1. Spot the failing condition for Ile21; the list is (1) surrounded by 10 or more Cβ atoms within 10 Å (Cβ to Cβ); (2) touching a residue at least 24 places away in the same chain (Cβ under 8 Å), and only one is missed.
2. Any chance you could count how many residues in segment 150-187 are assigned to a loop (DSSP other than H, G, I, E, B), under 15 Å from Arg106 (Cβ atoms) and either of a type in the set (Ser, Thr, Tyr) or open to solvent by less than 60 Å² (accessible area, probe 1.4 Å) (or both)?
3. I'm trying to understand the selection: among the residues of segment 200-245, which are part of a strand (DSSP E or B) and small (Gly, Ala, Ser)?
4. Tell me, please, whether a residue that is closer than 24 Å to Trp109 by Cβ and either at pLDDT below 95 or surrounded by 13 or more Cβ atoms within 10 Å (Cβ to Cβ) (or both) can be found in segment 189-201.
5. Looking at segment 51-69, I want the residues that are surrounded by 10 or more Cβ atoms within 10 Å (Cβ to Cβ) and have a partner that is among the aromatic types (Phe, Trp, Tyr) and not in a loop (DSSP other than H, G, I, E, B) with Cβ atoms under 6 Å, at least 6 apart or on another chain. Which pairs are those?
6. Restricting to segment 71-92, and then to whatever is of a type outside the set (S, T, N, Q) and under 17 Å from Thr225 (Cα atoms), can you tell me which residue is nearest to the chain's Cα centre (by Cα)?
7. Limited to segment 187-245, what total is found for residues that are within 25 Å of the chain's Cα centre (by Cα) and among the small types (Gly, Ala, Ser)?
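The values are calculated or read from the model by the stated rules, or taken from the named source; none is laboratory data. The structure presented is a predicted model; accordingly, all values stated were derived computationally and were not measured. We place every Cβ from the backbone using ideal geometry, glycine too, and count neighbours over all the protein chains shown. To get the accessible areas, we keep the full protein, side chains included, count just its heavy atoms, and leave off ligands, DNA and RNA. Shrake-Rupley method; radii C 1.70, N 1.55, O 1.52, S 1.80 Å.
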Amino acid sequence: EGAINHGGSQFEGMMRYDARIAVEEALKEKGLYIGKEPNKMRLGLCSRSGDILEPMITPQWYVNCSGMAKRSTDAVRNGELKIVPADHEKTWFQWLDNIRDWCVSRQLWWGHQIPAWFATKKGERGVVKTDMKCNDRWVVARSEEDAYVKAEKLLGCGRDEIVLERDADVLDTWFSSGLFPFSVMGWPDHTDDLKAFYPTSLLETGLDILFFWVARMVMMGLQLTDKLPFHTVYLHAMVGSFCAC
């Protein structure tokens with residue numbers, strides 16, 4: 001929220017920009033102020049709003065990818081999935097054999113909102129969604145209706161006593177993109193389109209997104225549909241520019 005926390009003494013509760021001025025004035029009153037001078041630095045700005053980007057440590061959502069990655073590497077090793085040219089198999093194995101947990105939450109206004117709700121009882125105090133000790137209060141569901149059902153079981157009370165707050169974070173773009181081969185066919189419903197067009201046969205794309213997109217489609221296809229989304233990945237040549245534009 002940008003306000004000074006309980007460790008800020010008399011400045012507690014002040015917004016950070018106001019607090020900077022107040023701290024300077026307090027130093028002057030105590031005779032401790034020496035002066036200020038320009039200091040060159042890199043300052044991150046939002047490309048859309050122009051606001052200053054200030055990092056803030058907050059809890060994030062992660063996906064354990066070890067099982068999905070293992071199935072994806074096995075598919076290439078046993079020949080179910082072919083990567084053309086085959087030289088790029090080493091890139092596939094380098095990424096997936098050394099997979100790490102995937103942070104899938106993003107603090108943006110655009111994207112697929114994370115389907116998770118924080119459940120509390122009306123009037124309940126001391127239960128805060130940013131407190132890791134309260135992680136058991138999160139319910140993941142396909143809809144708010146489903147979230148209420150799960151929250152009723154979790155809290156052991158009726159719906160009229162429950163307060164649900166959906167996480168404002170959205171999913172990583174590559175997570176949403178990884179669902180593409182089957183989500184556009186009506187998944188999770190077993191539609192006629194899904195039966196007719198999934199899985200497909202060939203994916204043709206650039207080598208630069210072999211892990212970022214292709215591997216995610218394969219991992220999520222195997223995990224959520226138990227099928228490879230395609231059996232061949234054809235990586236076309238890339239045309240580069242000395243100015244990277």
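1. It fails just one condition, (2).
2. 3
3. Of segment 200-245, the ones part of a strand (DSSP E or B) are 202-206, 232-236.
If the condition is that a residue be part of a strand (DSSP E or B) and small (Gly, Ala, Ser), then Gly206 is the only one that fits.
4. No, that holds for no residue.
5. Listed pairs, sorted by first residue: Val63/Trp102; Cys65/Trp102.
6. Here the residue is Arg71.
7. Matching residues across segment 187-245 total 3.
Results for (1) out of contact with any Asp or Glu (no Cβ under 7 Å at 6 or more places or on another chain); (2) outside any helix (DSSP H, G or I); (3) open to solvent by 100 Å² or more (accessible area, probe 1.4 Å), shown as yes or no for each residue.
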site: Arg42; (1), (2), (3): yes, yes, yes
site: Gly79; (1), (2), (3): yes, yes, no
site: Asn98; (1), (2), (3): yes, yes, no
site: Phe118; (1), (2), (3): no, yes, no
site: Gly123; (1), (2), (3): yes, yes, no
